Amino acid sequence: MDLDLALRAFERKRLSNPIQVARDGEEALAWLPRWEAGEPLPALILLDLKLPRVDGLDVLRRLKQHERFRHIPVVVLTSSAEDKDINTAYDLGVNSYIVKPVSFERFMEVVQHIELYWCVLNRIPE
Amino acid sequence: MTSPPMQALKIAGIYALCSLLWIVFSDRLLPELQTEKGLVFVSLTALLIFFLVHAALRAREKLEQHLNQINRIINRSPVITIAWDNAPGWPVRFVNDTIRQWGHEPRELLEGRLHFADLIHPDDLERVNQEVYRHFSEGPDDYTQEYRIRTASGAWIWVNDRTWLERDAAGKVSGIFGILQDVSDTRAALMRLAESQNRLETLINTIPDLVWMKDPDGLYLSVNRRFESFFGAPRERILGRTDYDFVNQELADFFREHDRKAMEAGGPCINEEWLTFADTGYRGLFETIKTPVRDEQGRLMGVLGISRDITQLREAQEELRSLNIQLEHRVRERTAELEALNRELESFSYSVSHDLKAPLRSIDGYSQLLQEDYKDRLEGDGLLFLANIRKGVGQMQELIEDLLAYSRMERRQLENTPLSLPEVVEQVLEYEAQALGQAGLTVETRVPPLIIRADRDGLGLVLRNLIENAIKFSPGAQPPLIHIEARAENGRVLLSVRDHGIGFDMKYHDRIFKIFQRLHRAEDYPGTGIGLALAAKAMQRMGGSIRAESSPGAGATFYLELPA
């Protein structure tokens, strides 16, 4: 339901970038071999922390430990505002941490800001 | 030297002999000798008498000189020389001048105004008399006695009397001679010594420790009563013997070994040993201190030993130790339990923050999509229902956020740093500026530059809550003011937030600080019922306190107390 709403929010804000969805931590990590095999790297990864099977923080750790993929910007977008989660995410090298607002209206604003900042303004190493 | 009567007799005899010769021969001799010769004879006899008398006088003078000397010596000695007759009351025949040291004049005694028996203490007199008469009948004639003598001022002096008896030809005692010496000081010193020895002995025999002393060869010199009980023998049997006479070879070797250690170390040596008492069979753990003892010249006299029963002490120590271990164990267990509980609580609030919000987000999202995309197909009540759903979502969201904040305040590590109070207040007012503006309220602050010790976020949260609370209950308040004041008091800082709002009845005072407790319907005054509970929790965790004063319609004042 969260995913469906998120996608609808992206759609309503007419995000220009194509979106790939991983439904749990395992699916997310399954992307690593595909990128290694030559598929194009994403411009940005939006990561929820509470994922089925493999925890979002574990996915983050794996990404940020990877020689090549650690430069891909990762934005944690989650409902947890716990200090523990925020601290751990930053310790693991997250690029940004945003608490998912409950209000759909606010969520759409947040999505728009994220795309503007990370996909338009921000530069990453080639 | 001849006695005076004999000497006088000798002179008279010579004189008589000469006169007789004169009577017998003068008639026949005188005509022949003539007058001149008679004169010669008289002269010769006179000369003879002169020499005889002179010699006698010389001898007497010498004797007197001698007596004088002796008298001087006697009178200079500290002792009193006295001689008395064997007659009732002991009349004094001779006493030297040193009797004056007791305030008595020799004359009083010599002239019979005072008898020797008058000077003797009435309690001692009978004993002295009995002793004297016993010596009269049984001898020896030379003996000593001690008794008390009265001084002229009425004080009593202990004397040592060296007495000897003078007997006549028939063996009857005619006189008694005494040399008296003041022994009061010596006697007092001896008594003090005996007393102190007695005390010491009582002490040593009363203490429950074993006390003993051995010479360097291990022979017992002294033991106390408790020690007698250990060996099961009276001290007379122990003194002069060694450990080998009382305990088995192994234990005696052990004792000896530690004696030697102490003597070699030259100072106290401590060891522990299990001892069994010979008389009662009691067995206990003893702590023994052995100390070498030296005389004034530094020669080793022996080893002093003191043994204390530490059985119970050791048992108590062991018990304490095991209790401590148990306690530590229990503390660890409880800590682990608490930690587990805390982890559970954390994971609970984690779930609340994620799982409770997710469906809420869906309700909000889809109700909004419905509102936006299907508005034209809904009407009247349908639109109202949708609006109510969205309002309910808003309240639910607020509730979850407050609940999370409360649970975070319970768990999080608070800092305790010095903060500038005016600065904290200023920051909070900046944060609330918009809300205050919308409510048409002005804040008057009277906050002196105080430094407090608190958690910056915690205190900020409390102040925000109090201001939001004041805004909420001040619609139409007159005057439209909120007052924030602070002052230092007894090493603490008192901060107050006062409004002119609706106030509350003091009987609800304690309820307002409890979680989910509300005094008003949500329709009238929106809120979750967590705000003040959260403030109270934060104050409690920062080592401070919160209370309020109010009455209905008269506004409310909230007081914060914090360590300075």
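Details
- Between B:ALA117, B:ALA152, the distinction of being under 23 Å from B:ASN96 (Cβ atoms), at pLDDT below 90 and not in a helix (DSSP H, G or I) belongs to B:ALA152 only.
- On inspection, B:ARG72 does not qualify as open to solvent by 80 Å² or more (accessible area, probe 1.4 Å), part of a helix (DSSP H, G or I) and in the same structural domain as B:SER184 (by TED's automatic domain parsing).
- Looking at B:GLY232, B:GLY267, B:GLY240, just one residue is within 24 Å of B:LEU200 (Cβ to Cβ), surrounded by fewer than 16 Cβ atoms within 10 Å (Cβ to Cβ) and in contact with a Phe, Trp or Tyr (Cβ under 8 Å, 6 or more places away or on another chain), and that residue is B:GLY240.
- In the stretch B:159-198, the residues that are β-branched (Val, Ile, Thr) and either touching a Cys at 6+ places or on another chain (Cβ under 9 Å) or open to solvent by 50 Å² or more (accessible area, probe 1.4 Å) (or both): B:ILE179, B:THR186
- Against the numbered list (1) under 19 Å from A:ARG8 (Cα atoms); (2) within 15 Å of the chain's Cα centre (by Cα); (3) within 14 Å of another protein chain (Cβ to nearest Cβ), A:ILE86 comes up short only at (1).
- Restricting the stretch B:306-336 to residues that are touching a residue at least 12 places away in the same chain (Cβ under 8 Å) and of a type in the set (A, V, I, L, M) leaves a set whose member that is nearest to B:ARG411 (Cα to Cα) is B:ILE310.
- Single unsatisfied condition, A:VAL111 versus (1) in a loop (DSSP other than H, G, I, E, B); (2) buried (at least 18 other Cβ atoms within 10 Å of the Cβ): (1)
- For A:GLU67: the one exception among (1) surrounded by 18 or more Cβ atoms within 10 Å (Cβ to Cβ); (2) modelled with pLDDT under 90: (1)
- Top-ranked residue in the stretch A:80-108 [being among the polar types (S, T, N, Q) and outside any helix (DSSP H, G or I); ranked as nearest to B:ASP364 (Cα to Cα)]: A:SER103
- Every pair of residues 6+ apart whose Cβ atoms lie under 6 Å, when the first sits in the stretch B:492-521 and is under 11 Å from B:ALA548 (Cβ atoms) and part of a strand (DSSP E or B) while the second is among the charged types (D, E, K, R) and open to solvent by less than 70 Å² (accessible area, probe 1.4 Å): B:SER496/B:GLU485
- Looking only at the stretch B:334-375, and only at residues there that are among the hydroxyl-bearing types (Ser, Thr, Tyr) and open to solvent by 40 Å² or more (accessible area, probe 1.4 Å), the one that is farthest from the other protein chains (Cβ to nearest Cβ): B:THR335
- For the stretch A:20-79, a residue qualifies if it is within 14 Å of chain B (Cβ to nearest Cβ), of a type in the set (A, V, I, L, M, F, W, C) and part of a loop (DSSP other than H, G, I, E, B), and the qualifying residues are A:LEU49, A:LEU51.
- So B:LEU399, is it touching a residue at least 40 places away in the same chain (Cβ under 8 Å) and touching a strand residue (DSSP E or B) at 6+ places or on another chain (Cβ under 7 Å): no
- The stretch B:91-107, residues that are in a loop (DSSP other than H, G, I, E, B) and either polar (S, T, N, Q) or at pLDDT below 85 (or both): B:ASN96
- B:ILE389, sole failed condition from (1) over 30 Å from B:ARG412 (Cβ atoms); (2) away from chain A (no Cβ under 12 Å); (3) assigned to a helix (DSSP H, G or I); (4) free of Cβ contacts under 8 Å to residues at least 12 places away in the same chain: (4)
- Residues of the stretch B:523-564 that turn out to be outside any helix (DSSP H, G or I), closer than 14 Å to B:ILE512 by Cβ and of a type outside the set (S, T, N, Q), as a count: 12
- Residues in the stretch B:53-63 that are farther than 16 Å from B:LYS10 by Cα and surrounded by 11 or more Cβ atoms within 10 Å (Cβ to Cβ): 2 in all.
- Pair list, Cβ under 9 Å, 6 or more apart: the stretch B:337-358 residue of a type in the set (Val, Ile, Thr), other residue modelled with pLDDT of 75 or more: B:VAL352/B:ILE400; B:VAL352/B:LEU403; B:VAL352/B:LEU404; B:VAL352/B:SER407
- Residue identified as modelled with pLDDT under 90, open to solvent by 70 Å² or more (accessible area, probe 1.4 Å), more than 9 Å from chain A (Cβ to nearest Cβ) and not in a helix (DSSP H, G or I) among B:GLU398, B:GLU410, B:GLU379: B:GLU379
- The single condition among (1) touching a residue at least 24 places away in the same chain (Cβ under 8 Å); (2) assigned by TED's automatic domain parsing to the domain that holds B:GLN7; (3) open to solvent by 80 Å² or more (accessible area, probe 1.4 Å) that B:GLN101 does not meet is (2).
For every residue, the table says whether it meets (1) without any contact (Cβ under 8 Å) to a residue 40 or more places away in the chain; (2) farther than 26 Å from B:LEU404 by Cα; (3) surrounded by fewer than 20 Cβ atoms within 10 Å (Cβ to Cβ).
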position: A:ARG8; (1), (2), (3): yes, yes, yes
position: A:LEU15; (1), (2), (3): no, yes, yes
position: A:ASP55; (1), (2), (3): yes, no, yes
position: A:HIS71; (1), (2), (3): no, yes, yes
position: A:VAL76; (1), (2), (3): yes, no, no
position: A:ALA81; (1), (2), (3): yes, no, yes
position: A:LEU92; (1), (2), (3): yes, no, yes
position: A:PHE107; (1), (2), (3): no, no, no
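The values are calculated or read from the model by the stated rules, or taken from the named source; none is laboratory data. Just so you know, these numbers come straight off a predicted model, no measurement behind them. Glycine also receives a Cβ, built like all others from the backbone with ideal geometry; neighbour counts cover every protein chain displayed. Side chains included, ligands, DNA and RNA excluded: accessible areas come from the protein's heavy atoms. Shrake-Rupley method; radii C 1.70, N 1.55, O 1.52, S 1.80 Å.
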